[in-house]
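Inspection log for the structure reproduced underneath, given as structure tokens.
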Amino acid sequence: MSRFAIRPVVASLALAVAAGTFAGAASAAPDASSSAAQPSTAQSGASHSGKSADGRRFHHMQDMRDALWVPGVGPLGKKEVTALKLDANQQALFSAAQQAQQDFGKSMREGMATRHQTLDQQLQAGKLDPHALADAQAQARQQYQGRADEVRQKWLAVWDSLNDGQRQQVTQFVKDRQARMQERREEHRKDGRPGAERRPAPAAPSTSS
């Protein structure tokens, strides 16, 4: 995997770790109602080109940057954030959490680049040292956990600032999203394709003369 390909992966990982949604962030991504996830685009011929894939990746990462993360739940897309009508204090907390998350993602990218550089140097010298690489990875993991906790607290501060009406809106957003996800899972179970119906097996050919 190239360093360029790693960047969006690291950014997504930073978002998931910081929000405390490591296991469920992928399934809780901003809803398909956003422009970044149109099924027709995914099924079109253009989706197989590198240019289209890069474009979708860019829009997906832009959606992640614009999202409001609810720790333990996942992200709310830009449309949902706009509907909350954050006041000045809430917007300030939201911006602070976004900035902290972006800084965290940057530190993860830099750390990964450093570890790649160390590995490259070892390979060039012909002296691979797994102990040193493992130690560096363990130290980075501890550092990331501390930073992730800080970012998570900032997102929790955003949640704590919401009034009862806004929290009810968020609850409804998540409830609707879960229902749509369940519906899509049911569709995928039908013959392995969305919307496909199982057809009866064809009858065996008659052997009678």
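No lab work stands behind these numbers, since they all come straight from the coordinates. In this text the structure is predicted, and so the values were computed from the model without any measurement. A quick note on method: Cβ atoms are made from the backbone with ideal geometry, for glycine too, and the neighbour counts reach across all protein chains shown.
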- Message: Quick check for me: using +1 on Lys/Arg Cβ and -1 on Asp/Glu Cβ, what's the dipole size of region 62-169 about its Cα centre, in debye to the nearest 20?
- Response: 140
- Calculate the radius of gyration of the Cα atoms of region 62-169 to one decimal place, then report Dmax, the largest Cα-Cα distance, as a whole number, both in Å. 18.7, 62
- Task: May I ask you to sort ARG65, ARG147 by Cβ crowding, counting other Cβ atoms within 10 Å and putting the fewest first?
- Result: ARG65, ARG147
- Query: From the phi of every residue in region 80-90, what ³J(HN,Hα) in whole Hz does the Karplus formula 6.51 cos²θ - 1.76 cosθ + 1.60 yield, where θ is phi - 60° and glycine or proline is x?
  - Reply: 5, 4, 4, 5, 6, 6, 4, 7, 4, 5, 5
- Using the charge dipole of region 62-169 (Lys, Arg: +1 at Cβ; Asp, Glu: -1 at Cβ; taken about the Cα centre), state which of GLN139, GLN90, ALA67 has its Cα farthest towards the positive end. ALA67
- Once amide hydrogens are built 1.01 Å from N within the peptide plane, the residues lying 5 or more places from VAL70 or on another chain with amide H under 5 Å from its amide H are LEU76
- So what are the ³J(HN,Hα) numbers for region 118-133, from phi and the Karplus equation (6.51, -1.76, 1.60; θ = phi - 60°), rounded to whole Hz, Gly and Pro as x? 4, 4, 4, 5, 5, 5, 5, 7, x, 10, 6, 10, x, 4, 5, 5
